[in-house]
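Notes to accompany the following structure.
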Amino acid sequence: MNPLRSFLLLRPTLPLLLLLLLIFSSTWSTSSTAGDHNNFLLCLGSRNTTVSPNSDLIHTPNSASYSSVFQFSIRNTRFNDTAASTRPTAIITPKTISQVQSAVVCARTHDVQVRVRSGGHDFEGMSYVSTSPSSTQPFLLIDLINLRNVAVDVPSKSAWVQAGAVLGEVYHGIASASGTLAFPAGICPTVGVGGHVSGGGYGMLIRKHGIAADNVLDAQLVDARGRVLDRAAMGEDVFWAIRGGGGNTYGIVVSWKINLVTVPARLTAFTAVRTSEENVTRVFDRFQHVVDKLPDDLSILLTLNTGKPTATMQAVFQGLYVGETETLLGVMKQSFPGLELTGQDCREMSWIQSILYFAGYPNNATYDELLDSRSSAPVQFDKVKAKSDYVEAPLPVKVLQGIWKRLYELESGPSFLQIIPHGGMMSRISDSSIPYPHRAGNVYKIQYYAVWSREGKEVEKRYLDWIRRLYEFTTPYVSKNPRGAYVNSRDLDLARIWGEKYYKHNFERLARAKAAIDPSNFFRNEQSVPPFTG
């Protein structure tokens, strides 16, 4: 039995059907006729032969489950209290791929817009709210939370992972099958694999094995016609586009086949904290001159903030070395002696233990805790605004000092910058191999984060103004023509020029792929690639 298709079909449940139609039609925006959406619901029922009278797959604002389902996967609480007009008119949580197909076919047939949510980490909320003031068309949210199977095939060093799985679940599945296989993706266990891979996806193996989208072998895509297409069926242009071209554009990726990389049984992770403005400036300046030239086996992530409880500049260097501590210390002494790394800063561990380590789990945590990462992961953001940049030459010391000054403008605590290293494998992969174009010539990427917890429009405005001023300050010193940006750090401030910033010269090819797979632009949001019309 397929519950979604059969939801409203069986004749004995006709009173229930009429009641649900009344509920749904009362919640659709007046910009569309209630008849279209009633027909949409009837369409769902007509695509099945049996019924689940108490279906738990469809949630409307009038149902008790709506708020909890809507909010459960929101990782940016800026969007928890959005106006009803910007929220989905209904949420579907399919349990099978065929249910996704039914929702797409019926939505397209009856002119219902669709948005898709995987893990809920969209920084602008575009996967689950309508952020455009001019958009009044109601939309259906297809939440993939129930599609999260992970099937690892150790002999082929690959795995099929459904798009609703979060990274913690993917990593758990891999570690359960092998102690020497890994997937080069992010360090936050609550990130959904669907959106993460769709935009690129980077982690602590970035310099050794590239980004997550570099390691995709195949996919299953539900297109606007409701077909399930694998790599061969969708064609190489579309397969190229979905690996870094952004989510909710070409269809709904319901599963990825990912390449698993071999790692040794023991790796070395380290954390080194440096404080005081003078010391941080000195060490950071040395760091940015060597970070892209270190051996491929070593990636160092740097976080900069004003630490608690005192507002002192703080630099947190976290590294992963694919090898033993003794060898790492030799590398650091030769390449980055300014950090003065010691054996006490280091811990040898398995790859899966490194996932727990960088995610902030306690030392005694087991990887089984990753199965509960949706609700219990140590790192949970509050309200966030993010921006991104790519740096092609080390920043002058005066710019570093200017950044510190602007960090001091906020109370000590959560707002911060992250420096993500490039070089290594990232420099050897072509800038057109997948849509992610930020390859050779980039020393590192900057992630800017404004993070706050207090309520109120004035508070929000203060933090938004702050990050925008910081971004403006760094303008002369980062990549140019265009100024690069990372699509998974969605930024609506980029307005109409986002395509070139995210994808550079790959944008036109993405638009041509869009025209081939979805010429009517059924799958769309505020920053989805439009079909080529030239």
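Where in the range 168-200 is the amide nitrogen less than 13 Å from a point lying 7 Å along the Cα-to-Cβ axis of Val154? Inside the label zone: 174-182. Restricted to Cα atoms, the range 144-271 shows a radius of gyration and a Dmax of 14.2, 49 angstrom.
Okay, helix-only estimate at 222 nm for the chain: each DSSP H run of n ≥ 4 adds -39500 (n - 2.57), divide by all residues, round to 500 deg cm²/dmol; what do you get?
Details: 19 runs with 171 residues, N = 534.
Using -39500 (n - 2.57) per qualifying helix, the result is -9000 deg cm²/dmol.
Amide H contacts of Arg117: Ile142, Asp143, Leu144, each under 5 Å away and 5 or more positions distant or on a separate chain (H built 1.01 Å from N in the peptide plane; Pro and chain starts excluded). Between Ser453 and Ala64, the FRET efficiency from the beta-carbon distance, with R0 = 41 Å, is close to 0.90. Residue-normalised convex hull volume from the C-alpha trace of the range 393-534: 140 Å³ per residue. The fraction of all Cα pairs in the range 248-400 landing in successive 10 Å bins from 0 to the largest distance is 9, 30, 35, 21, 5, 0, given as whole percents.
In the chain, the longest principal axis of the Cα atoms and the axis of helix 34-46 are about 90 degrees apart.
So what's the angle, to the nearest 10 degrees on a 0 to 90 scale, between helix 397-407 and the longest Cα principal axis of the chain? Orientation of helix 397-407: about 50 degrees from the principal axis.
If you wrap a convex hull around the alpha carbons of the range 340-435, what volume per residue comes out, as a whole number of Å³? Could the numbers behind the result be given before it?
Working: hull volume 21.3 nm³, N = 96.
That works out to 221 Å³ per residue.
The fraction of accessible area contributed by carbon and sulfur in the range 86-227 is 50 percent, rounded to a whole number (1.4 Å probe; ligands and nucleic acids excluded). Rounded to the nearest 10 degrees, the inclination of helix 507-517 to the longest alpha-carbon principal axis of the chain is 30 degrees. Once the Cα-Cα distance is subtracted from the 0.36 nm per residue extended length, the Thr82 to Glu526 segment shows a gain of 158.2 nm.
In a DSSP loop and with at most 12 other Cβ atoms within 10 Å, the trypsin sites (Lys or Arg not before Pro) in the range 394-494 are Arg454, Lys480. The residues of the chain have, on average, 38 Å² of accessible surface per residue, using a 1.4 Å probe with all protein chains present.
The range 225-261 and the range 301-369 have Cα centres spaced 35 Å apart. Report note on the peptides 165-172, 211-218, 446-453: ranked by the mean count of other C-beta atoms within 10 Å, highest first, their order is 165-172, 211-218, 446-453.
Can you give the relative contact order of the range 127-194 as a percent, counting alpha carbon pairs under 8 Å and 6+ residues apart?
On the way: 79 pairs, mean separation 18.7, N = 68.
The normalised contact order for the range 127-194 reaches 28 percent.
With 23 Å as the limit on Cα-Cα distance, the pairs of Lys461/Lys501; Lys383/Lys514; Lys387/Lys457 that go past it are Lys461/Lys501; Lys383/Lys514. If you take the Cα centroid of the range 413-460 and the Cα centroid of the range 137-186, the two points sit 23 Å apart. Computed over the range 272-349, the P(r) curve from all C-alpha pair distances, binned at 10 Å from the origin, holds 18, 52, 26, 5 percent per bin. Cysteines in the chain that lack a partner Cβ within the 4.7 Å cut-off: Cys188, Cys346.
For the range 114-208, the average shadow cast by the Cα convex hull is 7.0 nm², which is a quarter of the hull's surface. Principal axis extents of the Cα atoms in the chain, from largest to smallest and rounded to whole angstrom, are 76, 55, 50.
The values are calculated or read from the model by the stated rules, or taken from the named source; none is laboratory data. For clarity, every value in this text was computed on a predicted model and none was experimentally measured. Every residue, glycine as well, gets a Cβ built from its backbone with ideal geometry; the counts of neighbours run over all protein chains shown. Surface areas here come from the heavy atoms of the whole protein model, side chains and all, with no ligands, DNA or RNA. Shrake-Rupley method; radii C 1.70, N 1.55, O 1.52, S 1.80 Å.
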